[in-house]
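**Q** Let me begin by handing over the structure; questions about it come next.
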Amino acid sequence: MQFNHNKKLSLQSKNDISSVIMDLRTPIYIVEEKKLRRNLSLIKDVAERTDSEFILAFKAFALWKTFPIFREYIRSTTASSLSEAKLAFHEFGSKAHTFSPAYTDEEIDEIVACSSHLTFNSLSQYERYHHRAAACSIGLRVNPEYSEVGTLLYNPCAPGTRFGVTADKLPQQLPSDIEGFHCHCHCESGADVFERTLRHIEEKFSPWFSQLKWINFGGGHLVTRKDYDVELLVRVMQGFHQRYPHLKVIFEPGSAFAWQTGPLVSHVVDIVEDKGIKTAILDVSFTCHMPDCLEMPYFPDVRGAEHVDVETGDCVYRLGGNSCLAGDFMRAWQFSKPLAIGQEVIFEDMIHYTTVKTNTFNGITHPAIGMLHEDGHLEILRKYGYEDYRDRMD
């Protein structure tokens, strides 16, 4: 791999990023510092205006080399495993707000040592481990049995869910060491969805609010999306604080922090055709490097192309991953001119969730990770090679 670590550019338009990567012949995720700081500034402002704490969920973004920037705007993070809790403690520099569907005997003590808040998913987990978690502020995840998340794979309140305790299973008097409730019902949702969901949360669980010190409304609040109604969120939270002034409110979004902060840059390595359908095979993979596209599914924006419903026509291509999985492709995009081998294909908004969910299936070259600094300097944060693939099986 050949990288020019000192490449600089003028940041005048969204296309400038192409000029800084045109000599990089390997795929790469690029975090744009200017856009990241924009999101962080907005989130800090929303936190202040809503009198709430916003913390970073590692499940969506865990590029720890960017944490010095994050610490200028937020104080805490949220973890869902021992490794994430250790990342919070050792790399972010503060103890985590931790939730896990189930803690284990082998990990609970180390998780507690790295956590300021620890939330149990069930009353049985609470009974088993709460004495060992006494150093933390203990919470219980609750299920309001209401969510507007349409994709079942991402709906934590769907019938039969393994997440949270319903109101009918709670004792009238909570154990004295339970200080908070955690409730997660959203996925890339707006303030209007939260307003409706909050009614259900209060209807189900407000009888216990007087016994609590804090409530965590979870993630999925996409406050940095352009059409997000921040003013509505402010009004909703003003009303909530008036009703329950003693409760500290916590939000733990992940996507909102890294929303629209940078692309995944790939290259065309071959073009094949069958039954009139042209597929541009890339040096990245949907199943390896953009798994949510297949899981959700959703169609990512491709710079300089339009997503279309047809699969044949002038300059219309499927985009195919470079793995052996037959379904490692998405259909279809129309470009302004025919694609050529070696040409860049840039997938927009590929920083949140992608960088934490990638895998090395088939041993396909993992994209590098870079940061485009505000002064135009592209810093390579991480390069991957054979040893990274090999050592997963060591």
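The values are calculated or read from the model by the stated rules, or taken from the named source; none is laboratory data. Bear in mind that the values here come from a model prediction, so they are computed numbers and not experimental data. Note: ideal-geometry Cβ built from the backbone for every residue, glycine included; neighbour counts use all protein chains shown. To get the accessible areas, we keep the full protein, side chains included, count just its heavy atoms, and leave off ligands, DNA and RNA. Shrake-Rupley method; radii C 1.70, N 1.55, O 1.52, S 1.80 Å.
**Q** Output ³J(HN,Hα) for the range 251-268: one whole-Hz value per residue in order, computed from phi by the Karplus curve 6.51 cos²θ - 1.76 cosθ + 1.60 with θ = phi - 60°, and x for Gly and Pro.
**A** 10, 10, x, x, 4, 4, 5, 10, 4, 6, 9, x, x, 10, 9, 10, 9, 6
**Q** Continuing with the same structure: Where in the chain are the DSSP H helices whose alpha-carbon span along the long axis reaches 30 Å or more and whose Kyte-Doolittle mean is at least 0.5?
**A** Helices meeting the criterion: none.
**Q** Continuing with the same structure: Name the lysines eligible as straight-distance cross-link partners of residue 44: C-alpha to C-alpha under 28 Å, and not fewer than 8 places from it in the same chain.
**A** 14, 34, 35, 59, 65, 86, 95, 213, 226, 248, 357
**Q** Among residues other than residue 108 whose Cβ falls under 12 Å from its Cβ, what is the net charge (Lys/Arg +1, Asp/Glu -1)?
**A** -3
**Q** Express in nm, to one decimal, how much length is gained between residue 105 and residue 41 on full extension, taking 0.36 nm for each residue of separation and deducting their alpha carbon distance.
**A** Here the answer is 19.1 nm.
**Q** Give me P(r) over the range 69-139, computed from all C-alpha to C-alpha distances, binned every 10 Å, as integer percentages.
**A** Percent of pairs per bin, in order: 23, 55, 18, 4.
**Q** Residue 301 to residue 151: FRET efficiency via 1/(1 + (r/R0)^6), r the Cβ-Cβ distance, R0 25 Å, to the nearest 0.05?
**A** With R0 = 25 Å, the Cβ-Cβ based efficiency is 0.85.
**Q** When the dipole is taken about the Cα centre of the range 27-165, and only Lys, Arg (+1) and Asp, Glu (-1) are charged at their Cβ, what size is it in debye, to the nearest 20?
**A** 380 debye
**Q** Could you state the accessible area per residue of the range 250-394 in Å², with a 1.4 Å probe and every protein chain left in place?
**A** 44 Å²
**Q** Counting only helical runs of four or more DSSP H residues, what would the 222 nm mean residue ellipticity of the chain come to if each run contributes -39,500 (n - 2.57) and the total is spread over all its residues?
**A** After summing the helix terms and dividing by residue count, I get -6500 deg cm²/dmol.
**Q** Roughly what would the spin-label model give for residue 393 and residue 277, points 7 Å off Cα along C-beta, in nm?
**A** Using points 7 Å along Cα→Cβ, the separation is 3.1 nm.
**Q** With N set to the number of residues, divide the alpha-carbon radius of gyration of the range 129-197 by 2.2 N^0.38 Å and report two decimals.
**A** For the range 129-197, the normalised Cα radius of gyration is 1.28.
**Q** Two-decimal Rg/Rh of the range 196-240 from alpha-carbon positions, Kirkwood Rh?
**A** Across the range 196-240, the Cα-based Rg/Rh ratio is 1.01.
**Q** Once you compute Rg and the Kirkwood Rh from C-alpha atoms, what is the Rg to Rh ratio for the chain?
**A** Taking Rh as the inverse mean 1/r over Cα pairs, Rg/Rh reads 1.00.
**Q** Follow-up. In square angstrom, rounded to the nearest 10, how much accessible surface does residue 163 have for a 1.4 Å probe?
**A** About 40 Å², rounded to the nearest 10.
**Q** Can you pull the Kirkwood radius for the range 21-130, inverse mean 1/r over Cα pairs, to one decimal in Å?
**A** 15.6 Å
**Q** So, one more: Please report the projected area of the range 146-303's Cα convex hull averaged over all directions, in nm².
**A** For the Cα atoms of the range 146-303, the hull's average projected area reads 12.8 nm².
**Q** Which peptide among 259-265, 275-281, 78-84 comes first, and what is the full order, when sorted by highest mean count of other Cβ atoms within 10 Å?
**A** Packing order, densest peptide first, comes out as 259-265, 78-84, 275-281.
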